[in-house]
Amino acid sequence: MKIAFVGKGGSGKTTLSALFIRHLAASGRPVIAVDADINQHLGPALGLTDAQAAELPSLGAHLPDIKEYLRGSNPLIRSSEEMIKTTPPGRGSRLLRIVEENPVYAACARPIALDEGSVRLLATGAFTEEDLGVACYHSKVGAVELLLNHLVDGPDEYVVTDMTAGSDSFASGLFTRFDLTFLVAEPTRKGVSVYRQYRDYARDFGVRLRVVGNKVQGPEDLEFLRREVGDDLLTAFGHSDWVRRLEQGTNPQLRTLEPANRAVLDELRAEADTTYGQRDARRYTEQAVLFHLRNAESWANAKVGIDLATQVDRGFVLGDRLAATDEPAAAGAPA
């Protein structure tokens, strides 16, 4: 199950994504946590010190190795240098599973022991002074898109991604790489403005979007969200002394979270589990191809020097299981 948390800066999306990750881990479910926010706060929200978070390996820094591993023996991709962030998998590509050991996880993932369970954490890497003027943040987030394009997950397995704030993720196809997106919204006009942007973009691509109210102080706040968000409102997280202690630098145990707020985490998990049964593997694969072709035409063909449409394996669908008898696509097969 691929899940994203999005929202306006300061909405509490990182805190809620970290709580949800801890909640899943506490139930014994395998979880990969991904920090795709430019501010890189997910590690500390999961209990790392600032120094430990700063030492996390960067997906962006390992992108060449990631490409080489994922390319595998796919005959439509002649070299890893010809792969871009949207390159879709095909027969012969190496796929990632949530519960496995592989060179990508060995290089980039770090285990985090929680008070209840543990998770693997992947981080895009912070935007540094060296990047100024020569790179954009999407070049780092592109590693996440490439990984999700090659990730096969089953029931009761989760990838939870804390996305960059606002509607910035719509600058790429990354927003379509999730089965379910939780949009965290405060009960204010600014709080729901990002929701409207996401709703309009998501509708065009069939992205499943549910709103989680945050910092909801009472019935009037809840009514405001219902009026502005309608049926997209799933639940609301109320005032939390537990979160305040977390933000002050302590690391309270999850079982001490207020019962009403822990019930919100149960609702998120139930919604995710329901969504899993509604997934459309063919549409997911077709959207990956769509954005790959868009990138190829707009900039990548010129940069790489070939027609990247030839990388598309039209007979391949990324599903929960890939038949062992699948034959590699013929080299040079038409796209």
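The values are calculated or read from the model by the stated rules, or taken from the named source; none is laboratory data. Just so it is clear, the model here is predicted, and its values are computed rather than measured. Glycine gets a Cβ as well: all are built from the backbone with ideal geometry, and neighbour counts include every protein chain shown. Ligands, DNA and RNA are excluded from the accessible area calculation, which covers all protein heavy atoms including side chains. Shrake-Rupley method; radii C 1.70, N 1.55, O 1.52, S 1.80 Å.
Values for this structure:
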read-out: Cβ-Cβ under 7 Å pairs, at least 6 apart or on other chains, region 246-265 side among the hydroxyl-bearing types (Ser, Thr, Tyr), far side buried (at least 16 other Cβ atoms within 10 Å of the Cβ) and assigned to a loop (DSSP other than H, G, I, E, B); value: none
read-out: Helices (runs of 4 or more DSSP H) within region 1-58 that include 1 or more residues open to solvent by less than 10 Å² (accessible area, probe 1.4 Å), of a type outside the set (D, E, K, R) and at pLDDT below 95; value: 42-45
read-out: Those residues of region 252-286 which are farther than 24 Å from residue 156 by Cα and open to solvent by less than 20 Å² (accessible area, probe 1.4 Å), in sequence order; value: 252
read-out: Selection from region 198-235 of residues that are in contact with a Phe, Trp or Tyr (Cβ under 8 Å, 6 or more places away or on another chain) and over 24 Å from residue 1 (Cα atoms); value: 215, 216, 228, 229
read-out: Region 179-193, residues that are open to solvent by 10 Å² or more (accessible area, probe 1.4 Å) and of a type outside the set (Ser, Thr, Tyr); value: 179, 186, 187, 189, 190
read-out: Test for residue 66: is it part of a strand (DSSP E or B) and either exposed (fewer than 15 other Cβ atoms within 10 Å of the Cβ) or hydrophobic (A, V, I, L, M, F, W, C) (or both); value: no
read-out: Scope region 246-285; condition more than 21 Å from the chain's Cα centre (by Cα), part of a helix (DSSP H, G or I) and at pLDDT 90 or above; matching residues; value: 254, 255, 256, 259, 260, 261, 262, 263
read-out: Tally, over region 246-302, of residues that are in contact with a strand residue (DSSP E or B) (Cβ under 8 Å, 6 or more places away or on another chain) and hydroxyl-bearing (Ser, Thr, Tyr); value: 1
read-out: Residue within region 77-98 that is open to solvent by less than 60 Å² (accessible area, probe 1.4 Å), touching a residue at least 40 places away in the same chain (Cβ under 8 Å), of a type in the set (A, V, I, L, M, F, W, C) and in a strand (DSSP E or B) present; value: yes
read-out: Identity of the residue in region 182-212, β-branched (Val, Ile, Thr) and outside any loop (DSSP other than H, G, I, E, B), that ends up nearest to residue 10 (Cα to Cα); value: 184
read-out: Lone unmet requirement of (1) in a helix (DSSP H, G or I); (2) modelled with pLDDT under 95 for residue 320; value: (1)
read-out: Flag if residue 199 is surrounded by 15 or more Cβ atoms within 10 Å (Cβ to Cβ), basic (Lys, Arg) and modelled with pLDDT under 90; value: yes
read-out: Set 186, 157: member being more than 28 Å from residue 290 (Cβ to Cβ), of a type outside the set (S, T, N, Q) and in contact (Cβ under 8 Å) with a residue 40 or more places away in the chain; value: 186
read-out: Check on residue 264, in contact with a Ser or Thr (Cβ under 7 Å, 6 or more places away or on another chain) and not charged (D, E, K, R); value: yes
read-out: Identity of the residue in region 107-125, among the aliphatic types (A, V, I, L, M) and open to solvent by less than 50 Å² (accessible area, probe 1.4 Å), that ends up farthest from residue 148 (Cα to Cα); value: 114
read-out: Number of the condition not met by residue 104 [criteria: (1) open to solvent by 10 Å² or more (accessible area, probe 1.4 Å); (2) of a type in the set (Val, Ile, Thr); (3) free of Cβ contacts under 8 Å to residues at least 60 places away in the same chain]; value: (1)
